[in-house]
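See below for the structure under consideration.
The values are calculated or read from the model by the stated rules, or taken from the named source; none is laboratory data. Since we're looking at a predicted model, the values are computed, not measured. For neighbour counting, all protein chains shown are included, and Cβ atoms are generated from backbone atoms with ideal geometry for every residue, glycine included. We work out accessible area using only protein heavy atoms, side chains counted, and drop any ligands, DNA or RNA first. Shrake-Rupley method; radii C 1.70, N 1.55, O 1.52, S 1.80 Å.
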Amino acid sequence: MNKNTLVCFVFLLFLNFFYAQEYIEIPVAGISKEIEKKILPYDVIPSDFGLNNISISLRNEGKKGWPYYSSKIYKVNYNPETKHYDTEGLVVKIKKESKYYTLNKPVIIQVRAGTIYGNVIWTQVRRTPSNLTDPIVLDQYSSVEGKPETKPSYKIIMTGKEINPNVLGSLQNGEEILINGGLSIKLKNRSQQKYMSEIVLNGSQKGRLFAKAPLGSLIAPSEPIEAMISFRTNFGNFIWAKYYVENNRSRRRMDAQYHYSGEEGKVDAPLSKIVKEFTPTATTEKTTVPSEETDTPPNLDKESLKTEEETPLNQNLYTLKQHKGTLELAKVPNDSIKGSFKSTLLKDATVTVANQTVQLKGGTAINFNATKKHIITAVANGDQTIATDYGNLTLKDGEQIRFSPYRVTGFHLKENTPISTKYGEVIVKANHLEKYDITLTDSGKLIDFTTAKDKDFSIGSHTIPVASNSFIKFIDDQILQINLAQNLDYDIANLNLTIAPGNVNKTSIKFKPKTSIVSTLYITQCSDIMTSDGPLKVNGNSTIYFENNGSNYTVNRFEIGETKDINTYKKNGKVKLKTAKKGRDIILVNGKVRRIGW
């Protein structure tokens with residue numbers, strides 16, 4: 001053995017040792033027998049290295065998401081006679097040390113294997129340091145990993161980057177790919193004469209694609225499949241490509257050659273030179289079958305592939321994502337629309353937000369987030385009751401409702417309604433004005449309402465009589481502000497004062513957030529404030545600021561009610577006589593005037 005060979009041999013030994021030290025191996029003991037029986041015919045884990053992508057995801061127990069993900073190419077042998085997978089010697093590997101998790105605490109492990117028709121065979125297990133390397137068995141089969149309720153089905157997953165710039169550069173002046181319904185995917189078995197199914201989706205001006213194309217009932221999953229992908233332009237021309245999908249392939253990258261012509265499938269078809277009107281036949285991932293077709297899938301009769309009745313798609317339907325429900329809209333946003341989008345709800349609809357089910361009135365305005373696909377505002381269809389942390393509340397028919405992605409956050413009450421708060425029962429007024437009667441945070445906590453009945457509120461050491469028609473604002477279920485509906489005589493910090501009704505610019509009573517400590521009062525009149533140099537008058541219709549040392553209140557800022565020469569005491573001990581004009585702010589520290597503000 002020469003010197004160079006010896007060096008290489010030692011280096012390889014080192015790499016093997018280092019790799020073994022860095023990773024932990026977890027054996028995959030195969031697929032449970034119950035799941036093997038449920039797998040759709042021909043929907044197997046592909047046995048070639050190019051497609052067999054088994055991944056492992058990991059997180060510590062109690063954490064959200066999957067901060068660690070790793071996929072390797074493994075060999076899995078499938079025996080079509082026994083319909084059994086041989087996973088002998090198959091292991092997944094995780095690093096012993098990672099910034100994304102620690103193996104000293106319990107972890108949740110998810111292992112998944114993709115099938116040729118776009119489904120997943122997977123499992124989630126909880127492991128501790130003591131059983132981390134126990135064999136893993138894949139015991140779930142569904143359309144989406146982590147969601148066993150998603151039913152597996154035959155589909156081809158197609159993904160692709162942007163169309164070649166040279167092809168896009170061939171478009172004529174003013175010509176562009178249509179967004180709304182501009183993408184068509186047609187499928188058939190190669191032995192069939194005509195395309196048997198089609199889905200029409202929103203396109204992309206640069207030709208990007210991600211689509212799950214269902215096979216439908218007239219295409220056999222056991223036979224090779226041909227796909228026609230075409231992007232329609234506003235001139236009525238097409239950018240298109242054909243794909244030949246063998247039955248051991250389900251994920252197709254858009255890497256074949258695109259053609260630009262006046263008819264899909266015909267390279268030399270003459271191009272249109274003018275804009276043409278176009279109405280898409282479908283806008284969602286549904287299969288539509290041409291009525292003139294009578295072909296049946298090769299080797300399979302119609303009865304064996306019978307599925308739910310396939311119906312034409314309504315291009316006005318819009319499916320919510322963060323809320324549950326489907327809306328029929330006068331105008332549906334395309335993929336290029338971001339943020340808020342306004343339309344008209346054509347028909348009555350029912351949507352579910354968390355545990356709240358809400359009826360919406362057709363023929364009314366609706367505003368929603370087109371990016372996250374949730375409603376922002378809509379109109380109530382009939383008086384209806386929803387559950388909140390403060391009791392079951394009845395919404396008024398025909399009034400606007402406000403939504404967050406997570407719950408109803410603003411609404412109008414049918415009538416004056418009692419709610420349960422930490423201050424006892426409060427009667428909330430049904431104003432029937434433009435402003436909502438009650439608003440809530442995204443987490444369902446109170447923000448504000450108007451009182452319908454007089455009530456004494458016990459807030460820490462304070463008992464505050466609050467008249468009806470007063471406006472109260474909350475933070476974390478504690479009162480933050482009160483705008484009184486009428487004057488209130490009150491004593492605080494050795495002062496006799498009258499708290500004034502609040503308005504949009506002035507708040508009657510403010511508390512320090514999440515405390516019961518008064519921070520400001522808006523007053524109509526107040527007794528003189530004592531300072532180290534004597535009493536000072538307080539300006540009417542002004543705000544007084546307070547401090548609290550745990551047992552007593554003191555004033556630290558107010559508007560002076562007269563023009564007067566007063567001493568100011570600086571931090572360095574210097575005293576300077578200054579003139580304070582009426583209406584100027586006086587800042588006090590320990591009863592001494594520190595400075596005169598504006």
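Data overview
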| read-out | value |
| --- | --- |
| Portion, in percent, of the accessible area of the range 416-575 that falls on carbon or sulfur, probe 1.4 Å | 43 percent |
| Length added when fully stretched, N334-M530, from 0.36 nm per residue minus Cα-Cα | 63.9 nm |
| Cα extents of the range 454-597 along the three principal axes, largest first (Å) | 48, 28, 24 |
| Cut-off 11 Å, label 7 Å out along Cα→Cβ of S153, residues of the range 175-208 by amide N | none |
| Ellipsoid equivalent to the range 493-557 - semi-axes via the Cα gyration tensor, in Å | 19, 17, 8 |
| DSSP-assigned coil residues among GluC sites (Glu not before Pro) in the range 535-598, each with at most 13 further Cβ atoms within 10 Å | E562 |
| FRET efficiency, 1/(1 + (r/R0)^6) with R0 35 Å, evaluated for R594 and N487 via beta carbons | 0.65 |
| Between the range 412-438 and the range 533-598, the Cα center-to-center distance that results, in Å | 40 Å |
| Mean accessible surface per residue for the range 454-597, computed with a 1.4 Å probe while every protein chain stays in place, in Å² | 52 Å² |
| Solvent-free Debye scattering, log10 I(q)/I(0), computed from the Cα coordinates of the range 316-408 at q = 0.17, 0.21, 0.25 Å⁻¹ | -0.65, -0.99, -1.38 |
| Cut-off 18 Å (backbone N to label point 7 Å along Cα→Cβ of T82), residues of the range 135-163 | 137-138 |
| Assigned charges on the beta-carbon of Lys, Arg, Asp, Glu; the range 433-534 dipole about Cα centre (debye) | 200 debye |
| Long-range amide H partners of S519 with built H, under 5 Å | K510, F511, K512 |
| P(r) histogram, all alpha-carbon pairs of the range 178-245 included - 5 Å bins from 0, percent | 4, 17, 29, 22, 15, 10, 3, 0 |
| Pairwise FRET efficiency - S143 versus T352, Cβ, R0 = 22 Å, nearest 0.05 | 0.55 |
| The range 336-365 and the range 461-503: distance between their alpha carbon centers, rounded to Å | 38 Å |
| For the range 215-231, 3J(HN,Hα) per residue [Karplus equation, 6.51 cos²θ - 1.76 cosθ + 1.60, θ = phi - 60°, Hz, x = Gly/Pro] | 6, x, 8, 10, 10, 8, x, 8, 10, x, 10, 10, 10, 10, 10, 9, 9 |
| Difference of contour (0.36 nm per residue) and Cα-Cα distance, E434 to E263 | 56.1 nm |
| Solvent-accessible area, 1.4 Å probe, carbon plus sulfur percent, for the range 201-247 | 45 percent |
| Contour minus Cα-Cα distance for V275 and T102 (0.36 nm per residue) | 56.3 nm |
